[in-house]
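Sharing a structure below in structure tokens format, with a few things to ask.
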Amino acid sequence: MAVQISPSILSADFARLADEAAAVPNADWLHVDVMDYHFVPNLTLGLPVVEALRKATSLPLDCHLMIADPDRWAPSYAEAGAGSVTIHAEASSAPVRTLREIRSQGARAGLALNPATAVEPYEDLIGELDMLLLMTVEPGFGGQPFLDVVLPKIRRARALIERHGGQVWLQVDGGVSADTIERCAQAGADVFVAGSAVYGADDRVAAVDSLRALAEGVS
Ligand code: DX5
Ligand code: ZN
């Protein structure tokens, strides 16, 4: 399992997104939180901003769609050049079709689960996924405290992924910081989203490096 760090621009300065992307050249991905005021009680950005960001950074975009009806909108994010597009299981009524459409547009396909959503019902979809995202806060806002209650699910998800060949990445998102990343890595996560822990730091490069070192230290 290779550790990957995906800084979330939700905690960045939205008026300076190109500069904020350039501030984390040592990251593996740039995590882009798309929110629509319907699936979550917050509104961020959409396709035009993703298209602009695509041209403004060489980092691959990790688009996390916290939107209603992702079946309708997700393929456009893949088409716009996102490297990875993640939909929420709770919001999708045709996840297999949507995940296949994301892949057919050349992006990696991700499925996200809220803290209270069990992973077991999705075991049969593992072959349709490149990444499983387990939310470690309720989605909608940056800077919330990490929910330890999700740790057993991270362990169960890792075991399930290993039973199916071990190819699917296991991402955690929410409250990931120098205080919590080792717990996540220990439980089996390998892709770490960090918003406030990176963009709230004075030295973003050092923040990414130290999160990576902490996760690698336990994996
Ligand atoms: C929350 C978003 C996260 C958010 C994480 O719903 O999906 O990606 O940016 O922020 P932190 O790392 O501050 O919890
Ligand atoms: Zn996110």
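Scan region 6-45 for residues that are over 26 Å from residue 91 (Cβ atoms), under 17 Å from the mean Cα position of the chain (by Cα) and within 14 Å of ligand 1 (Cβ to nearest atom) and jot them down.
Correct list: 24, 27.
Please work out if residue 167 is under 21 Å from residue 62 (Cα atoms) and out of contact with any strand residue (DSSP E or B) (no Cβ under 6 Å at 6 or more places or on another chain).
So residue 167 fits the description; yes.
Here's another thing I want to ask about it. For region 177-192, indicate whether the set of residues that are within 15 Å of ligand 2 (Cβ to nearest atom) and of a type in the set (Gly, Ala, Ser) is non-empty.
yes
I'd like the full set of residues that are over 14 Å from residue 9 (Cβ atoms), in contact with a helix residue (DSSP H, G or I) (Cβ under 7 Å, 6 or more places away or on another chain) and within 16 Å of ligand 1 (Cβ to nearest atom), limited to region 46-79.
Answer for region 46-79, where residues must be over 14 Å from residue 9 (Cβ atoms), in contact with a helix residue (DSSP H, G or I) (Cβ under 7 Å, 6 or more places away or on another chain) and within 16 Å of ligand 1 (Cβ to nearest atom): 65, 67, 70, 74, 77.
Looking at 27, 21, which one is more than 17 Å from residue 173 (Cβ to Cβ), touching a Ser or Thr at 6+ places or on another chain (Cβ under 7 Å) and buried (at least 18 other Cβ atoms within 10 Å of the Cβ)?
21
Here's the yes/no breakdown for (1) over 15 Å from the mean Cα position of the chain (by Cα); (2) away from ligand 2 (no atom under 16 Å from the Cβ); (3) surrounded by fewer than 16 Cβ atoms within 10 Å (Cβ to Cβ):
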residue: 95; (1), (2), (3): yes, yes, no
residue: 105; (1), (2), (3): yes, yes, no
residue: 119; (1), (2), (3): yes, yes, no
residue: 123; (1), (2), (3): yes, yes, yes
residue: 128; (1), (2), (3): yes, yes, no
residue: 149; (1), (2), (3): yes, yes, yes
residue: 162; (1), (2), (3): yes, yes, yes
residue: 168; (1), (2), (3): no, yes, no
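When only residues in region 109-144 that are under 14 Å from residue 99 (Cα atoms) and small (Gly, Ala, Ser) count, which is farthest from ligand 1 (Cβ to nearest atom)?
Across region 109-144, the extreme among qualifying residues is 127.
Every number in this text was worked out from the coordinates using simple rules, so none of it is lab data. Since the model is a prediction, treat every value here as computed from it, not as a measurement. Note: ideal-geometry Cβ built from the backbone for every residue, glycine included; neighbour counts use all protein chains shown.
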